[in-house]
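Visitor: One structure, as structure tokens, below. Some questions next.
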Amino acid sequence: MIQRADVAIIGAGMAGASLAAELAPHCSVVLLEAEDQPGYHSTGRSAAFWSETYGGPLIQPLTSASGSFLAEPPAEFAETGFLKSRGAIHVAASQGDASLRELEGDFRASNVRLQRLDRDQLAAVIPGLRSGWDSGLLEPTCADIDVAALHAAYLRASRRASARLINNARLVDARRTDGSWRLQTSAGEIQAELIVNAAGAWADDVARIAGVDQVGIQPYRRTIAQLRISPEVSPDLPLVIDANGGFYFKPEAGGRLWLSPHDETACAPCDTAAEEYDVALAIERLGTVVDWRVERVEHSWAGLRSFAPDRLPVYGLAPNRRDFFWFAGQGGFGIQTAPAAAKLAASLLLGTAPDPMVSAIDPEPYFAGRFRN
């Protein structure tokens, strides 16, 4: 039996689920997930923090706009918020202070709060800090995100509004026939008026199958290792980020530490896994910052972060098309920007006035048409 909908969203990770929740009250939506559960690849492997500086000044408006919703969501959406205060410290070795100055400059015109820390202030917050790490920037608003709870809340909201989620529905073919899309999936045939491409690392593959020009979405592998260290890390330790992009780490439950070498290894879309080299590199870099001893690696994993060539998200209709909408290329910031991004994309797709959350955000830098030759 052919299932019919106004909109078929390809991908049920955070991007697809959030947009489905925004669209389903206004039109019929089917949410197609290639895996046997939504959020398996990127959403389920996020490092899970909300940082207004992450992604740069053109991502910050989306992040900042999402903050209030994530902290205090509407009662009908969730009973509790999704953020837990953490704070972040961007650190630099003696020769790396230029990166901190650049970070300050990038956000000087915004409302993002950044506070300079000297060596003594850093050492008071980061125990065992080695010599040579002499300056830092405190980002006090940084918070942990309960990613699983947020994703589940969006799926519930979409379901309440009658969106249909179909798992194990990998897209095989997509053709326009008699004014609508006929989508062949591994779970059967879907008929829809419009496709939303929220397929993350597979976004260019979806465009190719649909006969739409690709925009150059490139997946990159990002590694996380869960460590036991000595002395045991305090749960109050802020997220610590190398201003030069060499690492970040933060405490997790039970005295564990999450550590990443901040790697970006280009790869094909896949069920990626951590490489031993990247885990070893992360531990080596940690040892240059603090004098902690790594007792053991309890677990390691990797996720895919997918970027357009200019590293901005891709929102909007494909050039010269009214039937294919991009909602992809959200890199590592797709979780923290999800509320604002979904509301912005929904207003573009529905042709309605933007929600007050995003009314001050100019969507043009994110339009898919910027890649047109």
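The values are calculated or read from the model by the stated rules, or taken from the named source; none is laboratory data. Quick caveat: nothing in here was measured; it's all calculated off a predicted structure. So basically every Cβ, Gly included, is an ideal-geometry build from the backbone, and we count neighbours across all protein chains shown. Note: areas computed on protein heavy atoms with side chains; ligands, DNA, RNA excluded. Shrake-Rupley method; radii C 1.70, N 1.55, O 1.52, S 1.80 Å.
Visitor: So how strong a dipole does region 222-373 carry about its Cα centre when Lys and Arg Cβ are +1 and Asp and Glu Cβ are -1, to the nearest 20 debye?
Guide: 520
Visitor: About its Cα centre, what dipole magnitude does region 255-307 give when the only charges are +1 on Lys and Arg Cβ and -1 on Asp and Glu Cβ, stated in debye to the nearest 20?
Guide: It works out to roughly 180 debye.
Visitor: How much FRET efficiency would the formula 1/(1 + (r/R0)^6) give for Leu58 and Ala152, where r is the Cβ-Cβ distance and R0 is 25 Å, rounded to 0.05? Provide the component values of the computation, followed by the final result.
Guide: Details: r = 29 Å, r/R0 = 1.17.
Calculated value: 0.30.
Visitor: Suppose R0 equals 25 Å; then what is the FRET efficiency for Arg182 and Asp355 from their Cβ-Cβ distance, rounded to the nearest 0.05?
Guide: 0.15
Visitor: Could you work out the percent of alpha carbon pairs in region 193-295 separated by over 16 Å, rounded to a whole number?
Guide: 64
Visitor: Lys/Arg Cβ at +1, Asp/Glu Cβ at -1, dipole of region 1-119 taken about the Cα centre: which of Ser94, Val29, Gly105 is farthest positive-ward?
Guide: Of the candidates, Ser94 comes out farthest on the positive side.
Visitor: Sticking with this one: Once the Cβ-Cβ distance between Arg208 and Ala273 is put in as r, and R0 is 30 Å, what FRET efficiency do you end up with, to the nearest 0.05?
Guide: 0.75
Visitor: Provide Asp242, Asp146 ordered by accessible surface of protein heavy atoms (probe 1.4 Å), highest first.
Guide: Values: Asp242 20, Asp146 80 Å².
The ranking, largest first, comes out as Asp146, Asp242.
Visitor: While we're here: Where the accessible area of the chain is counted over protein heavy atoms with a 1.4 Å probe, how much of it, in %, is carbon and sulfur?
Guide: That fraction is 47 percent.
Visitor: Oh, and also: Need one number: nm distance between label points at Arg113 and Arg4, each 7 Å from Cα along Cα→Cβ, rounded to one decimal.
Guide: Modelled inter-label distance: 5.4 nm.
Visitor: Suppose a student asked you for the relative contact order of the chain, using Cα pairs under 8 Å spaced at least 6 residues apart; what percent would you report?
Guide: 23
Visitor: Across 5 Å bins from the origin, how do the percents of Cα pairs in region 15-137 run, short distances first?
Guide: 2, 8, 13, 15, 16, 15, 11, 7, 6, 4, 2, 0
Visitor: Using Cα-Cα distances under 8 Å and only pairs 6 or more residues apart, what relative contact order does region 101-158 have, in percent?
Guide: Here the relative contact order equals 32 percent.
Visitor: Would you be so kind as to identify which of Gly128, Ser180, Leu62 lies farthest towards the positive end of the dipole of region 45-183, taking Lys and Arg as +1 and Asp and Glu as -1 on Cβ and the Cα centre as origin?
Guide: Value computed over the given set: Ser180.
Visitor: Take the alpha carbon gyration tensor of region 1-80, find the square roots of its eigenvalues, order them as a ≥ b ≥ c, and report rounded if a/c is under 1.5; if not, report prolate when a/b exceeds b/c, else oblate.
Guide: prolate
Visitor: One-quarter of the Cα convex hull surface for region 239-308, in nm²? Can you show the working numbers first?
Guide: On the way: hull surface 22.8 nm².
The orientation-averaged projected area of the Cα hull of region 239-308 comes to 5.7 nm².
Visitor: Between Ala192, Ala20, Ala341, where does the largest GNM mean-square fluctuation fall for the chain, given springs only between Cα atoms within less than 10 Å?
Guide: Ala192
Visitor: Hey, another quick one. Which Cα, out of Ala318, Met357, Ser51, lies furthest along the positive dipole direction of the chain (beta carbon charges, K/R +1, D/E -1)?
Guide: Looking along the dipole axis, the top candidate is Ala318.
Visitor: With a point put 7 Å past each Cα toward its Cβ, work out how far Glu298 is from Ala98 in nm, to one decimal.
Guide: So the two model labels end up 4.0 nm from each other.
Visitor: Moving on to the next point. Could you tell me the convex hull volume per residue, in Å³, taken over the Cα atoms of the chain?
Guide: Measuring per residue, one finds 135 Å³ for the Cα hull of the chain.
Visitor: Going highest first, how would you order 23-32, 245-254, 324-333, 70-79 by mean Cβ packing within 10 Å?
Guide: Final packing ranking: 324-333, 23-32, 245-254, 70-79.
Visitor: Can you show me the helix-derived [θ] at 222 nm for the chain, built from DSSP H runs with n ≥ 4 at -39,500 (n - 2.57) apiece and divided by the number of residues, rounded to the nearest 500.
Guide: It lands at -7000 deg cm²/dmol.
Visitor: Accessible area of Arg175, 1.4 Å probe, to the nearest 10 Å²?
Guide: Using a 1.4 Å probe on the heavy atoms, I get roughly 140 Å².
Visitor: Moving to a separate point now. Have a look at the DSSP beta bridges in the chain and tell me what percent are antiparallel, nearest 5.
Guide: Around 70 percent antiparallel, to the nearest 5.
Visitor: Can you give the percent of C-alpha pairs in region 224-373 whose distance is more than 26 Å?
Guide: Summing the P(r) tail past 26 Å for region 224-373 gives 44 percent.
Visitor: Using +1 on the beta carbon of Lys and Arg, -1 on that of Asp and Glu, and nothing else charged, what's the dipole of region 9-111 about the Cα centre, debye to 20?
Guide: Dipole size: approximately 240 debye.
Visitor: Oh, and also: Calculate, for the chain, the solvent-accessible area per residue in square angstrom, rolling a 1.4 angstrom probe over the heavy atoms of the protein chains. Kindly include the intermediate steps, with their values, before the conclusion.
Guide: On the way: 15970 Å² over 373 residues.
Result: 43 Å² per residue.
Visitor: Compare His151, His262, His299 by solvent-accessible area with a 1.4 Å probe and give them largest first, with all protein chains kept in place.
Guide: His299, His262, His151
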